[in-house]
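The values are calculated or read from the model by the stated rules, or taken from the named source; none is laboratory data. Since the structure is predicted, the reported quantities are computational estimates derived from the model, not experimental observations. Backbone-built Cβ (ideal geometry, glycine too); neighbour counts: all protein chains shown.
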Amino acid sequence: MPSLRNVIQETHRTLESAGIPDARLEAEVMVMDVMRMPRQSIFAEQESQVSEQQQQSLNAIVERRLTREPLAYILNYREFYGVNLLVNPDVLIPRPETETMVEHALFMALMGMESRELVIADIGTGTGAIAINLAIHLPAARIYATDAYDATLDVAAYNIRMHNVTDRITLLKGDLLEPLPEPVDVIAANLPYLPTDRIPTLQPEVQWEPIAALDGGPGGIDLIGRLLKQAAAGDRIKPHGVILLELDPEQIPEARLLATNAFPDAEITVELDLARLDRLLVVSLSAPDAEY
Ligand SMILES: C[S@@+](CC[C@H](N)C(=O)[O-])C[C@H]1O[C@@H](n2cnc3c(N)ncnc32)[C@H](O)[C@@H]1O
């Protein structure tokens, strides 16, 4: 039987020669999955033997991965902000840059938390990644998580149950802010923001993800523009509320203009992601030192 060390090296080589990005990391994650071992063990136990059955399970994963199916869909999970989430082709695979949204919402909430119960809306929740992390870290908050698609909401519901936050998150189906039953303090929205004609040019893995989670219309910010209009038109956000919008760095100037038109008195700032790129537009409807 081959050793763990040899199996990792061999898997790495196979993935790398097929042009799979991050081949070494993916080889390790695959081996961790079939061996049911945490990361530290695959390094500490390099001489352990890999059984015939484990090798076959690994081969099946590698075979699927060579078709450029995303590893997260093959393994059916992705870690996001320290929690494991079920993923399947009905949902976008949560991205590391979206952790900026969670961090910023938590920072703002913790700054003014003792004052009152926060009501938060995660618009376009997908796996529930943003809502679940906010619920875990803000036990006093009430959270609405919305999406336009039943199959997506089924995945979010499963993840919400898995993380024991069903009592704090209400799932709603509908277009953007329409299903919200009351004005909220915070709107957090990672909506589709890819321009339609860019999608076919992106890496093969992206083509496996639901088009409705990617396509932001011809310029990429159609949904974001519509959300801002809905927010300005109705009673979906409180007068002191904050809107957090994830965007492509290149879209920030246009989105900032849309936000200024919708909310001329708002303070608008931009937060950087982990790669130090402009990622998050923060639209604070009242003065910056007002209670959040
Ligand atoms: C980019 S994905 C983000 C998913 C998740 N929030 C995350 O960060 O991983 C966008 C999500 O918005 C949903 N969506 C698309 N159009 C929508 C609409 N008009 N109203 C509500 N949700 C929508 C998609 O189904 C998808 O789940």
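Here are some notes:
- The residues in the stretch 120-143 that are surrounded by 23 or more Cβ atoms within 10 Å (Cβ to Cβ) and at negative phi can be counted, and the count is 14.
- THR146 falls short on exactly one of the conditions (1) surrounded by 18 or more Cβ atoms within 10 Å (Cβ to Cβ); (2) more than 9 Å from the ligand (Cβ to nearest atom), and that condition is (2).
- Residues in the stretch 247-287 that are of a type in the set (Val, Ile, Thr) and in contact (Cβ under 8 Å) with a residue 40 or more places away in the chain: VAL282, VAL283.
- Residue selected from the stretch 265-278 under the condition over 17 Å from LEU227 (Cβ atoms) and not acidic (Asp, Glu), by the criterion surrounded by the most Cβ atoms within 10 Å (Cβ to Cβ): VAL270
- Candidates in the stretch 27-38 are the residues that are in contact (Cβ under 8 Å) with a residue 12 or more places away in the chain and under 15 Å from SER57 (Cβ atoms); of these, the one that is surrounded by the most Cβ atoms within 10 Å (Cβ to Cβ) is ALA27.
- Scanning the stretch 156-173 for any residue that is at pLDDT 95 or above, β-branched (Val, Ile, Thr) and surrounded by fewer than 18 Cβ atoms within 10 Å (Cβ to Cβ) turns up at least one such residue.
- Condition met for THR166 (within 15 Å of the ligand (Cβ to nearest atom) and not aliphatic (A, V, I, L, M)): no
- Unique residue being within 13 Å of the ligand (Cβ to nearest atom) and surrounded by fewer than 21 Cβ atoms within 10 Å (Cβ to Cβ) when the list is GLU117, GLU99: GLU99
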